[in-house]
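Here's the structure, in structure tokens; my notes come after.
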Amino acid sequence: MQMVTYLNCLAPGSSAEVVGLQATGFTRRRLLDIGLVPGTRVEVIRHSPSGDPTAYKIRGAIIALRREDSMQVLVLKL
Amino acid sequence: MGLTRASSGLNALRESFISLNASSFLIALAGNPNCGKSTVFNALTGLKQHTGNWPGKTVTLARGRYSYRGLDFTLVDLPGTYSLLASSVEEQIARQFICFAHPDVVIVVVDATCLERNLNLVLQVLETTPRVVVCLNLMDEARRKKMLIDVPLLSQELGLPVVPTVARDGEGLEKLKEIVAAIAAGILHPAPKTVRYNQAVEAAVITLEKQLQPLLNGHLNARWVALRLLEGELSIRQELEQHLGLALPQNVIQLKTKKGVSA
């Protein structure tokens, strides 16, 4: 069964597809600009030693996101 | 390293309007970080502006000149950005230059190996001005990665001229200069495809656009300003006041809250 969850809940090595953003204003704009639009595939690469931020592969680039931002991204686990 | 207002280029922006040679065409060079924008700048101008593989090295505006078939061009290298919309200092500089310095042509340099990521900026730039040429750079790397790009199709989809280049080796730059000259001289008129949003947004845009048109008086694309206002972006109001001396009447702003649309 397909499951909608938040981007920060995924384990390294897993992939998901963006379904929506719950962020508003500046954060929303920033997330959209780095490529997190509905339909985008995201791969979780690894956590930093302290557990936050986490590196994600988004549209050909590896981008680190803080938990406070990734927890606003709704994804469908693949 | 802190960026003060003076060093961030907002003042330099003004100066660059004033000291411009009247017979020279003003060309802006925009692009994502790390797409070879400064290499294109150096290759066109013959200057040796520092290039290096780290982000944020172009924070102030570098200027250079070149001539092509007797015409004089002033090229401004904008800071590398992924977007014109968020409010980092780099993005503000790039956006304000494109919107308020009225460049005759904007060259958007894109990384051919990472088109998906780079086209976002192209779409944002063509919402502000139709006088755009896409410089599809790093074609050698794309070839090495066995990537095939259908340039005519890309050009057709965007409604813009697209010139494949390898700036490092000078490949494609003559063609780029030719297209830039043609757009600047008004021989070539790119007709970019307009990005359409959903019905509610479009309806609000049209209402706002009608009110904005007479106020902006052709200085800025009314549709673009309408979209920014709908996004609830406050910096655009401030910029209109600063650069055009235009204080938007309160009723324009009220429409935003009444419609309650967010883009």
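Derivation of every value follows stated rules applied to the coordinates shown; laboratory data play no part. These numbers were taken from a predicted model, which means no experiment stands behind them. In this analysis, Cβ positions are derived from the backbone assuming ideal geometry, glycine residues included, and neighbour counts consider all displayed protein chains.
Residue by residue, what Karplus-based ³J(HN,Hα) values in Hz, rounded to whole numbers, does the range A:10-22 have, using 6.51, -1.76 and 1.60 with θ = phi - 60° and x for Gly and Pro?
8, 8, x, x, 8, 10, 8, 10, 5, 10, x, 10, 9
Are any of the pairs B:K37/B:K175; A:K57/B:K177; B:K145/B:K175; B:K37/B:K145; A:K57/B:K175 more than 27 Å apart by Cα-Cα distance, and if so, which?
Among B:K37/B:K175; A:K57/B:K177; B:K145/B:K175; B:K37/B:K145; A:K57/B:K175, the Cα-Cα distance tops 27 Å for A:K57/B:K177; A:K57/B:K175.
Suppose R0 equals 35 Å; then what is the FRET efficiency for B:D150 and A:I45 from their Cβ-Cβ distance, rounded to the nearest 0.05?
Rounded to the nearest 0.05, the efficiency is 0.70.
At a Förster radius of 41 Å, what calculated FRET efficiency corresponds to the Cβ-Cβ distance of B:I187 and A:V37, to the nearest 0.05?
Taking R0 as 41 Å, the efficiency between B:I187 and A:V37 is 0.65.
What FRET efficiency would be calculated for the residue pair B:L234, B:Q199, taking the C-beta separation as r and a Förster radius of 25 Å, to the nearest 0.05?
My answer for the efficiency is 0.45.
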